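Data first, discussion second: the structure below is written as structure tokens.
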Amino acid sequence: MLIRATQLCLRRSLSTARVLKNSNVSVEASQNDVVSFYDAKVINYATRPIRPVTLKELIRFGQPPLSEQSLTQCAHYARTELPVRLAMRVRAFQNLPFIVGTNPHIKDIYRLYFESFDSLEKYSDLPENDNGSDLEFAEKLKDLVERHADNIPTLARGFLECKKYMNTKDMTAFLDDMIHARIGIRLIAEQCISLIHASKNESEDQRRTSYIGIINTQLSPAKVIHHCADFVTELCEFNYGEAPEFIINGHVDTTFTYVPVHLEYMLTELLKNAARATVENAKKNNKPVPPVEVSISHGSRDIGIRVRDQGGGVKPADLNHIFEYSYTTVKNEDTEDSNIFSGITRLAMQSGVGGPIAGLGFGLPLARMYARYFGGSMTLLSLNGYGCDVFLKLKHIDESLGQLEI
């Protein structure tokens, strides 16, 4: 994971260096930008209405045993719906203020969305019962998901550099819409990928699994917490030389229906914030590092997870801004004495599923958006001078959320 972070950092550094060095954009690149900007296909697809799929339908597509009809419906929906949603994202970028759109980071993500639209558009006109290209389409979707995995940190850097060119309200509206749409696109794409591959490689063991596509019907919060805590501990020890103990208590045997990667992202963000604050506060006060307590509670329809730390809390002046994009309390520690390994680990201490976003102020807003996507919530209570309690409330993805539209 550190190697991957290294590669990302180096790639972004080289990209930025090229932009600064070559201020004159080549004629060929300019022509490509013009062509993509005025692409009639993008405008055509972007004006089509979205056809939301309910969570109940998404689950029904993969309900075991997998039927040919369900798989056909799922693949056809993804083939026809994803180009529309991607085209809308392309148009959203094109409608940004010109100076914002020319930022190299934002321009990179704009191109990525355009290329993704262009690669999937040819599949949208295939007949519904044309299953011959399913595996090829699944590979295209897999490539899309992988290429978009780190677009949030890149976008974060771009908007951090462009804060003075957009007012907070407009920037928040754009990012809320972009990230919400991104979650939906990934859910549809990953569900389709999972079902197509499952149908081609189905075995008795797979038929007995608790997964319906990417949705786990028996997800254990305690196991996910353990996994995230191990990852955070490794990063923390590498960066600070020590890490807090994570105490997991409450209803540790409970399971529920949810998307594992969403829960993992939220918990990783919360545990990293708690660990960093706890270690830094202990070092500041020359005291032993206290533990971080994670409590699980299981209600009739909700799962509650509380992360309690003794990291000194959030200053009152910062408290009203912690869920704002690009707002961060992390100090810039880029000094001449910093070495590449400490820098990379510092990035990873603020990273998540979306890649390293150190000091960019996107971690908590993103985690809360993931929680809210399926009707949950995230609340932070701070006792300045002592620590924080963060309450994560998540709903079961079952009949109660069956009509939730994606």
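The values are calculated or read from the model by the stated rules, or taken from the named source; none is laboratory data. This structure is a prediction, so every number in the text was calculated from the model and none was measured. Virtual Cβ from ideal backbone geometry, glycine too; neighbours counted across all protein chains shown. Heavy atoms of the whole protein, side chains included, go into the accessibility calculation; ligands, DNA and RNA do not. Shrake-Rupley method; radii C 1.70, N 1.55, O 1.52, S 1.80 Å.
Name the strands (runs of 3 or more DSSP E) wholly within the stretch 205-306 that hold at least 3 residues that are on the phi > 0 side of the Ramachandran plot?
Numbers: elements: 215-219, 246-250, 256-258, 292-298.
Qualifying strands (runs of 3 or more DSSP E): none found.
Which of the residues belonging to the stretch 127-153 are out of contact with any strand residue (DSSP E or B) (no Cβ under 9 Å at 6 or more places or on another chain), part of a loop (DSSP other than H, G, I, E, B) and surrounded by 17 or more Cβ atoms within 10 Å (Cβ to Cβ)? Steps first, please.
First, the residues of the stretch 127-153 that are out of contact with any strand residue (DSSP E or B) (no Cβ under 9 Å at 6 or more places or on another chain): 127-148.
Retained after the next criterion (residues that are part of a loop (DSSP other than H, G, I, E, B)): 127-133, 148.
Of everything in the stretch 127-153, those that are out of contact with any strand residue (DSSP E or B) (no Cβ under 9 Å at 6 or more places or on another chain), part of a loop (DSSP other than H, G, I, E, B) and surrounded by 17 or more Cβ atoms within 10 Å (Cβ to Cβ) turn out to be ASN131, HIS148.
Go through the stretch 264-285 and report how many residues are within 29 Å of ILE188 (Cβ to Cβ) and in contact with a strand residue (DSSP E or B) (Cβ under 7 Å, 6 or more places away or on another chain). If you could, list the steps in order and put the result at the bottom.
Taking the stretch 264-285 as the starting set, the residues that turn out to be within 29 Å of ILE188 (Cβ to Cβ) are 264-272.
Subset that is in contact with a strand residue (DSSP E or B) (Cβ under 7 Å, 6 or more places away or on another chain): 265-266, 268-271.
Total meeting the criteria: 6.
Take the residues in the stretch 367-406 that are hydroxyl-bearing (Ser, Thr, Tyr) and over 16 Å from the mean Cα position of the chain (by Cα), then tell me which one is nearest to GLU264 (Cα to Cα). Explain how you work it out, then say what you get.
Start the filter on the stretch 367-406 by keeping residues that are hydroxyl-bearing (Ser, Thr, Tyr), which leaves 370, 373, 377, 379, 382, 386, 400.
Subsequent filtering for residues that are over 16 Å from the mean Cα position of the chain (by Cα) retains 377, 379, 382, 386, 400.
Numbers: SER377: 15, THR379: 17, SER382: 23, TYR386: 26, SER400: 22 Å.
Only one residue fits best here, namely SER377.
Does at least one position in the stretch 314-332 carry a residue that is under 29 Å from SER210 (Cβ atoms), of a type in the set (D, E, K, R) and loosely packed, with under 15 Cβ neighbours inside 10 Å? Don't jump to the end; show me each part of the working.
First pass over the stretch 314-332, keeping only residues under 29 Å from SER210 (Cβ atoms): none.
Among the residues of the stretch 314-332, not one is under 29 Å from SER210 (Cβ atoms), of a type in the set (D, E, K, R) and loosely packed, with under 15 Cβ neighbours inside 10 Å, which makes the answer no.
Kindly list the number of the only condition in (1) in contact (Cβ under 8 Å) with a residue 24 or more places away in the chain; (2) open to solvent by 40 Å² or more (accessible area, probe 1.4 Å); (3) of a type in the set (Phe, Trp, Tyr) that fails for TYR113.
(2)
What's the number of the only condition in (1) open to solvent by 30 Å² or more (accessible area, probe 1.4 Å); (2) more than 24 Å from PHE61 (Cα to Cα); (3) in a loop (DSSP other than H, G, I, E, B) that LYS107 fails to meet?
Going through (1) open to solvent by 30 Å² or more (accessible area, probe 1.4 Å); (2) more than 24 Å from PHE61 (Cα to Cα); (3) in a loop (DSSP other than H, G, I, E, B) one by one, LYS107 breaks only (3).
If you go through the stretch 244-272, how many residues are in contact with a helix residue (DSSP H, G or I) (Cβ under 7 Å, 6 or more places away or on another chain) and open to solvent by 30 Å² or more (accessible area, probe 1.4 Å)?
Counting residues in the stretch 244-272 that are in contact with a helix residue (DSSP H, G or I) (Cβ under 7 Å, 6 or more places away or on another chain) and open to solvent by 30 Å² or more (accessible area, probe 1.4 Å) gives 4.
Give the number of residues within the stretch 63-96 that are part of a helix (DSSP H, G or I), closer than 30 Å to CYS162 by Cα and touching a residue at least 24 places away in the same chain (Cβ under 8 Å).
So the first thing to find is which residues in the stretch 63-96 are part of a helix (DSSP H, G or I), and the list is 68-94.
Retained after the next criterion (residues that are closer than 30 Å to CYS162 by Cα): 82-94.
Now restrict to residues that are touching a residue at least 24 places away in the same chain (Cβ under 8 Å): 82-92, 94.
The qualifying residues number 12.
Consider only pairs whose beta carbons are under 6 Å apart and that are at least six residues apart or on different chains; among these, list those whose first residue lies in the stretch 128-139 and is touching a residue at least 24 places away in the same chain (Cβ under 8 Å) and whose second residue is open to solvent by less than 80 Å² (accessible area, probe 1.4 Å) and not in a helix (DSSP H, G or I).
PHE137/TYR123
Filter the stretch 220-263 down to the residues that are among the aromatic types (Phe, Trp, Tyr) and farther than 30 Å from ALA189 by Cα, then identify the one that is modelled with the highest pLDDT. So that I can check it myself, show each step before the final result.
Quick first cut of the stretch 220-263, residues among the aromatic types (Phe, Trp, Tyr) only: 231, 238, 240, 246, 256, 258.
With the extra rule that they be farther than 30 Å from ALA189 by Cα, the set shrinks to 238, 240, 246.
Values: PHE238: 88, TYR240: 89, PHE246: 98.
Step by step, filter the stretch 220-263, then rank; the result is PHE246.
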